[in-house]
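Undergrad: First, the structure itself, so that you have it in front of you.
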Amino acid sequence: MAYVMTHIEVGDFDAWKPMFDLDAPHARQDAIGYRLFRGVDNPNEVFIEIEFATTEAAVSARDRLVRSGVLDRFDDRHGPTVVDTAEVISRRSSAAE
């Protein structure tokens, strides 16, 4: 698995979200799925994680996103960055416990 991670300050989440849903750059067309996170203290601070089956698919999606220019309007932006999982630890309790 590989992921494209982006962190942006959107200004107005409710105005930004419909544009995100359109996926004009087709960054999510080959994605397995994605997760959006919002800052607790600042709900207009958004973290985006898009999951892909391969690194090549993630790199291609990242490149489409960058070429589209849709992120250029955000002054406070980090990414998009292609990452893979280095480690996962879960301490969730099961329903049987």
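The values are calculated or read from the model by the stated rules, or taken from the named source; none is laboratory data. As the structure is a prediction and not an experimental result, all values here were calculated from the model. Using ideal geometry, Cβ is built from the backbone for each residue, glycine included, and neighbour counts are taken over all protein chains shown. Surface areas here come from the heavy atoms of the whole protein model, side chains and all, with no ligands, DNA or RNA. Shrake-Rupley method; radii C 1.70, N 1.55, O 1.52, S 1.80 Å.
Undergrad: Filter segment 77-94 down to residues that are part of a loop (DSSP other than H, G, I, E, B) and open to solvent by less than 100 Å² (accessible area, probe 1.4 Å) and give me whichever is nearest to Glu49 (Cα to Cα).
TA: Checked segment 77-94; the qualifying residue nearest to Glu49 (Cα to Cα) is Thr85.
Undergrad: So which residues in segment 44-66 are under 18 Å from Arg77 (Cα atoms), among the polar types (S, T, N, Q) and in a helix (DSSP H, G or I)?
TA: Scanning segment 44-66 gives no hits.
Undergrad: I would also like to ask the following. Can you tell me which residue is farthest from Arg28 (Cα to Cα) among those in segment 57-97 that are without any contact (Cβ under 8 Å) to a residue 40 or more places away in the chain and of a type in the set (D, E, K, R)?
TA: Checked segment 57-97; the qualifying residue farthest from Arg28 (Cα to Cα) is Glu97.
Undergrad: Which residues, counting only those in segment 32-50, are within 23 Å of Glu9 (Cβ to Cβ), out of contact with any Ser or Thr (no Cβ under 8 Å at 6 or more places or on another chain) and open to solvent by 20 Å² or more (accessible area, probe 1.4 Å)?
TA: Tyr34, Arg35, Leu36, Phe37, Arg38, Val40, Asp41, Asn42, Pro43, Asn44, Glu45, Glu49
Undergrad: Then there's this: Would you point out the residue of segment 1-39, among those that are more than 24 Å from Val83 (Cα to Cα) and part of a loop (DSSP other than H, G, I, E, B), that is modelled with the lowest pLDDT?
TA: Gly11
Undergrad: Sticking with this one: Looking at the structure I just gave you, is Val70 open to solvent by 60 Å² or more (accessible area, probe 1.4 Å) and of a type in the set (A, V, I, L, M)?
TA: no
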